[in-house]
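First the structure, in the form of structure tokens, and then the observations on it.
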Amino acid sequence: MIHRFGDEMGTIRIEADGAGDLSQVYGWFTRHRGGIVELDRGRTLAFGIPIVGARAVIVAVTLQDERRPGPQLGGVVRAISNRTTLEPVRLVFEGRSPTGLALDEAEAIATEILDIVSQRMTTGQLVERVA
């Protein structure tokens, strides 16, 4: 289930159920820390260094589309653990579009980011690093 929250200040907040547990999320983000990964042709996602807490992992992300100047979307992805290890994490993207994407387009991209992270993390798929 995906929840979208936008506001008049341009802040985008998307929440979705993840498919793995907190240790899987942390491991995946750690393997991709400081890296740039290709989402699809022409779009890349840059990850910062993950920060881990008692029940959450937080990492900065920036989306770049080579067809448009500047970062299209920037913010953080948080993975929040549930009360038991049997339940998947909750993924949250919170950020803004520095280039002023329309709210619905920015929300769609943020949702796609969470979907891709969740899918690739649970399949163990490492994404190709690009320069």
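We did not get these values from a lab; they are worked out from the coordinates using the rules stated. Small disclaimer: the values here were computed from a predicted structure and weren't measured. When we count neighbours, we look across all protein chains shown, and the Cβ atoms used for this are built from the backbone with ideal geometry, even at glycine.
Sorting check: for 14-23, 58-67, 31-40, which peptide has the highest mean count of neighbouring beta carbons within 10 Å, and how do the rest follow?
Numbers: 14-23: 19.5, 58-67: 17.0, 31-40: 14.6.
Descending mean neighbour count gives 14-23, 58-67, 31-40.
According to a simple spin-label model (label point 7 Å from Cα along Cα-to-Cβ), what is the distance in nm between residue 68 and residue 40?
1.4
Peptides 68-76, 49-57, 88-96: what's the order by average Cβ count within 10 Å, highest mean first? Before the final figure, lay out each step's value.
Working: 68-76: 16.4, 49-57: 14.6, 88-96: 20.9.
In decreasing order of mean packing, 68-76, 49-57, 88-96 become 88-96, 68-76, 49-57.
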